[in-house]
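What follows is a single structure, written as structure tokens, with notes after it.
The values are calculated or read from the model by the stated rules, or taken from the named source; none is laboratory data. As the structure is a computational prediction, the values presented were derived from the model and not from experiment. Cβ coordinates were reconstructed from backbone atoms using ideal geometry, including for glycine residues, and neighbour counts include every protein chain displayed. What goes into the accessible areas is simple: the full protein's heavy atoms, side chains included, and nothing from ligands, DNA or RNA. Shrake-Rupley method; radii C 1.70, N 1.55, O 1.52, S 1.80 Å.
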Amino acid sequence: MVEQRPERPTTQDRSVGERSGSSAVERVASSVPSMTSGSTSLTRPRATELITENGRTTIADTVVAKIAAIAAREIPGVHELVPHSAASAIAGLTQRVTGDVRTAGVRVDIGEQEAVIDVRMVVEYGISIPQVAEAVRRNIMNRIQGLTGLSVREVNIEVTDLFFPEDVAAEAARPAESRGA
Amino acid sequence: MAAEHSSPMIDPAIALAKAIAGALVLLPGCVRLDAGQFSPIATYGPGERVDGIAVTVLPDRVQVTVALVARYDPSRSLFSLADEVREVVSGVAQLLIPLPVRPIDVVITDLEAEGQG
């Protein structure tokens, strides 16, 4: 069983790989970053790393989330991104505790090689939702791959609402207190 | 003896950190230096502190870590920005300190785009 497990030498489990006598349970726990509960995982932000001969380049998870958010907004027809929950107000706290990053409607889960991105968005009325969603998905994948080298396994898109541009034009003419918000 | 506290000697680490900080703000891809929130990356000197750059002067080499907020630019990889940062750092260091600079670690803590926080 132990021999069949694929060896993935990364920064997280490099030291573990040296210890040949460690039990199977220990090794599984150590090779899964989310399960390691050492102090380093709390003091050090989770991040994408590239180690070169001249030094290490670290890209924070927030950066990946922001790229996804910007990439989504680049597509015409995307009106805005919707935060994942009310708890996103304390996103800084949840991020520190759970390790997941929420940036303005984008949730990012980064594994050793791949990332999974969840996006919640409001689209404009009149566009083809599947077409726009596909464009958003492609753009997020291309941008993240191009800028960080990280490959994106999946982009899950949730369209939460429609936006009617005519409403805003009408509301702009009315006093502010009549807006429902 | 008392001179130790008000020594006119320039601390090489803080001098180098300030010089690097001055050069890096000129890079178009770098919005600003950022100490980061977890284990602050900074160089400390008498009465001052340079955030976003950690310079460690060792007997045989100088170790530098730079933490910065990158400007969003879809045409360039963040790794090419990191390489640019390394060139600037080693260029500045060569002028000031006769020691090799290695390694130069680059941490990209955040990203900013025009018209967006």
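Around A:I157, which amide H atoms from residues at least 5 apart in sequence, or from another chain, sit under 5 Å from its own amide H, with H modelled in the peptide plane?
Counting only residues 5 or more places away or on other chains, the set is A:V119.
What average number of partner chain Cβ atoms lie no more than 10 Å from the Cβ of the residues making up B:63-74? Present the calculation step by step, with values, prior to reporting the outcome.
Working: counts 1, 1, 3, 2, 2, 0, 3, 6, 0, 7, 1, 9.
Mean inter-chain Cβ contacts per residue within 10 Å come to 3.
Quick one: Cα centre-to-centre distance for the stretch B:11-58 and the stretch A:112-181, in angstrom?
37 Å
Give the residues of the stretch B:43-79 whose amide nitrogen is closer than 19 Å to a point set 7 Å from the Cα of B:Q94 in the direction of its Cβ.
B:61-65
Averaged over A:143-155, how many beta carbons belonging to a partner chain fall within 10 Å of each residue's beta carbon?
2
Considering only the stretch B:17-116, what is the antiparallel percent among its DSSP beta bridges, to the nearest 5?
So the antiparallel bridges in the stretch B:17-116 amount to around 60 percent.
So how do B:S90, B:S39, B:S75 rank on accessible area, 1.4 Å probe, biggest first, that is with the largest at the start?
These residues rank, largest area first, as B:S75, B:S39, B:S90.
Using a basic spin-label model with each label point 7 Å from the Cα along Cα→Cβ, how many nm lie between B:L26 and A:I51?
Those two pseudo-labels are separated by 3.4 nm.
Using +1 at the Cβ of each Lys and Arg and -1 at the Cβ of each Asp and Glu in chain B, identify which of B:I53, B:L96, B:S75 lies farthest towards the dipole's positive end.
Going by the charge dipole, the pick is B:L96.
Quote the FRET efficiency, to the nearest 0.05, computed for A:A172 versus A:I129 with a Förster distance R0 of 22 Å and r equal to the Cβ-Cβ distance.
Here the calculated transfer efficiency is 0.25.
Got a sec to turn the phi values of the stretch B:59-76 into Karplus ³J(HN,Hα) couplings, 6.51 cos²θ - 1.76 cosθ + 1.60 with θ = phi - 60°, whole Hz, x for Gly and Pro?
x, 10, 7, 10, 10, 10, 10, 10, 10, 9, 9, 8, 8, 5, 9, x, 8, 10
Using a 1.4 angstrom probe on the protein heavy atoms only, line up B:L33, B:L78 by accessible area, largest first.
Greatest to least solvent exposure: B:L33, B:L78.
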